[in-house]
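> I'd like to ask you about the structure that follows.
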Amino acid sequence: MEENKAKISCPIFQKQEFFIKDLTDSVNMAKNVQEKAGFAERIGEEADVLLSCVDHDSKRIDCKHCHFIANLRKKTANLIIKAKKL
């Protein structure tokens, strides 16, 4: 079944999206929380690249969507990192 996905027309987002999806797959395949947390830290770093984008324009819908997605990924990565401490 084909998913109906919105596309963000930004080369920076597309590049980071590739890295983040790869790291997310690694988190999902990791066997223990320490390993998951290591990948989650890298996801946070990649999300920071999007959140600190020099081309960000708060009036563009693509930028708004990009920041929304990056913030969600950063929060999710932080939850995994916090779970390591438990």
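Taken together, the values in this text are just the output of simple stated rules run on the coordinates, not laboratory data. This is a predicted model, so every value here is computed, not measured. We place every Cβ from the backbone using ideal geometry, glycine too, and count neighbours over all the protein chains shown.
> Can you tell me the length gained on complete extension of the stretch residue 55 to residue 21, counting 0.36 nm per residue apart and subtracting the Cα distance?
Stretched out fully, the residue 55 to residue 21 stretch lengthens by 10.0 nm.
> Run down the aspartates and glutamates and flag those whose C-alpha is under 14 Å from the C-alpha of residue 74, throwing out any fewer than 8 positions away in its chain.
By straight Cα distance, residue 74 reaches 17, 41, 45, 46, 48.
> Let me ask something else about it. With a ≥ b ≥ c taken as the square roots of the eigenvalues of the C-alpha gyration tensor of the chain, please select rounded if a/c is under 1.5 and otherwise prolate if a/b is larger than b/c or oblate if it is not?
prolate
> While we're looking at this one, here's another question. Expected output is a single nm value to one decimal: the length gained when fully extending between residue 85 and residue 45, i.e. 0.36 nm times separation in residues minus the C-alpha distance. What is it?
12.5 nm is the gain from fully extending residue 85 to residue 45.
> Something else now. What length, rounded to one decimal in nm, is gained on full extension from residue 30 through to residue 72, with 0.36 nm per residue of separation minus their alpha-carbon distance?
Length gained, residue 30 through residue 72: 13.1 nm.
> Same structure, new question: First select every other residue whose beta carbon is under 13 angstrom from the beta carbon of residue 12; then total the charges, Lys and Arg +1, Asp and Glu -1.
Spelling it out: positives minus negatives among the neighbours equals -4.
> Moving on to the next point. Quote the charge dipole size of the chain about the Cα centre in Debye, to the nearest 20; the model charges only the Cβ of Lys and Arg (+1) and of Asp and Glu (-1).
Using only the charged Cβ atoms, the result is roughly 380 debye.
> Give me the net charge for the shell around residue 42: Cβ to Cβ below 13 angstrom, other residues only, Lys and Arg +1, Asp and Glu -1.
So the surrounding residues net to -3.
> What angle, in degrees between 0 and 90 and rounded to the nearest 10, separates the Cα long axis of helix 11-29 from the longest principal axis of the Cα atoms of the chain?
Roughly 20 degrees, rounded to the nearest 10.
> What percent do you get for the relative contact order of the chain when only Cα pairs under 8 Å and 6+ apart count?
With pairs under 8 Å counted, the relative contact order is 34 percent.
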